[in-house]
Amino acid sequence: ETGVTQSPTHLIKTRGQQVTLRCSSQSGHNTVSWYQQALGQGPQFIFQYYREEENGRGNFPPRFSGLQFPNYSSELNVNALELDDSALYLCASSLRLVQGSTEAFFGQGTRLTVV
Amino acid sequence: AQSVTQLGSHVSVSEGALVLLRCNYSSSVPPYLFWYVQYPNQGLQLLLKYTSAATLVKGINGFEAEFKKSETSFHLTKPSAHMSDAAEYFCAVSPPFQGAQKLVFGQGTRLTINP
């Protein structure tokens, strides 16, 4: 089975620009969650997608948005980038069932630097 | 709201010594609890999880953790440290039956192994 893959691995953007990060779920998983990990911090939950709809959101502004596609892959979009958006962005996939969900499997992350 | 506190941002032990990483949680309902490990420039790898079954949980790489409801703790231990254990460790909590969705992470503990 394939794991969770994220692209790109690194990128540098200028303040005010927009960025799109991509995530391919682990085979068989139907739920994708995105996390932001600032340097020296634990990951912070951004939002989750299930069946192509947002299913929970953390304390992040609307300029953070996402999509989930029919094949369960996902995108994270950030508009009007700010310097504080510089972080490692982690995607995690899991399988949501009626009785609960499996544990999350994380990708390697995308390191975003805003200058 | 749920929260996690990891006591000690840095822990240093000698190779072969006991590893003890502390985690206390706050939750209004019995939670699910997880320990993840992160190596430099990598994503998160699940070490072990507690999902209301046995209170002593065994994970990968010789790690184990004990859920103590009375102490609201879920400390991670390993009897004998190995150089390859050097990494960042994160404790996380989620509501029950939501698997690893919407995880709330602690700030992390950096484990250093001295030869």
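The values are calculated or read from the model by the stated rules, or taken from the named source; none is laboratory data. Keep in mind the model is a prediction, meaning the values are calculated, not measured. So basically every Cβ, Gly included, is an ideal-geometry build from the backbone, and we count neighbours across all protein chains shown. The protein model used for the area step is the full one, side chains on, heavy atoms only, and it has no ligands, DNA or RNA in it. Shrake-Rupley method; radii C 1.70, N 1.55, O 1.52, S 1.80 Å.
Data overview
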read-out	value
Residue in region B:50-70 that is of a type in the set (D, E, K, R), over 15 Å from the mean Cα position of the chain (by Cα), more than 9 Å from chain A (Cβ to nearest Cβ) and not in a strand (DSSP E or B) present	yes
Residue satisfying condition, being of a type in the set (A, V, I, L, M) and touching a residue at least 60 places away in the same chain (Cβ under 8 Å), within set B:Ala81, B:Ala65, B:Ala86	B:Ala81
Scope region B:5-21; condition more than 15 Å from B:Phe105 (Cβ to Cβ) and modelled with pLDDT of 95 or more; matching residues	B:His10, B:Val11, B:Ser12, B:Val13, B:Ser14, B:Glu15, B:Gly16, B:Ala17, B:Leu18, B:Val19, B:Leu20
Flag for A:Gly40 being within 16 Å of A:Leu112 (Cα to Cα), assigned to a loop (DSSP other than H, G, I, E, B) and open to solvent by 50 Å² or more (accessible area, probe 1.4 Å)	yes
Strands (runs of 3 or more DSSP E) wholly inside region A:50-111 containing at least 1 residues that are open to solvent by less than 20 Å² (accessible area, probe 1.4 Å) and away from chain B (no Cβ under 14 Å)	A:64-68, A:74-78
Test for B:Tyr50: is it over 24 Å from B:Ala17 (Cα atoms) and surrounded by 15 or more Cβ atoms within 10 Å (Cβ to Cβ)	yes
Scan of region A:1-37 for residues that are surrounded by 17 or more Cβ atoms within 10 Å (Cβ to Cβ), among the aliphatic types (A, V, I, L, M) and assigned to a strand (DSSP E or B), ordered by number	A:Val19, A:Leu21, A:Val32
Every residue from region A:46-91 that is at pLDDT 95 or above and small (Gly, Ala, Ser)	A:Ser65, A:Gly66, A:Ser74, A:Ala80, A:Ser86, A:Ala87
Any hit, region B:2-13, residues being without any contact (Cβ under 8 Å) to a residue 12 or more places away in the chain and open to solvent by 40 Å² or more (accessible area, probe 1.4 Å)	no
Options A:Ala38, A:Ala80, A:Ala104: the member that is at positive phi and either aliphatic (A, V, I, L, M) or within 11 Å of the chain's Cα centre (by Cα) (or both)	A:Ala80
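To keep it simple, each residue is scored yes or no on (1) in contact with a strand residue (DSSP E or B) (Cβ under 6 Å, 6 or more places away or on another chain); (2) on the phi > 0 side of the Ramachandran plot; (3) among the aromatic types (Phe, Trp, Tyr).
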site	(1), (2), (3)
B:Trp35	yes, no, yes
B:Gly43	yes, no, no
B:Lys49	yes, no, no
B:Ser52	no, yes, no
B:Ser84	no, no, no
B:Ala92	yes, no, no
B:Leu111	yes, no, no
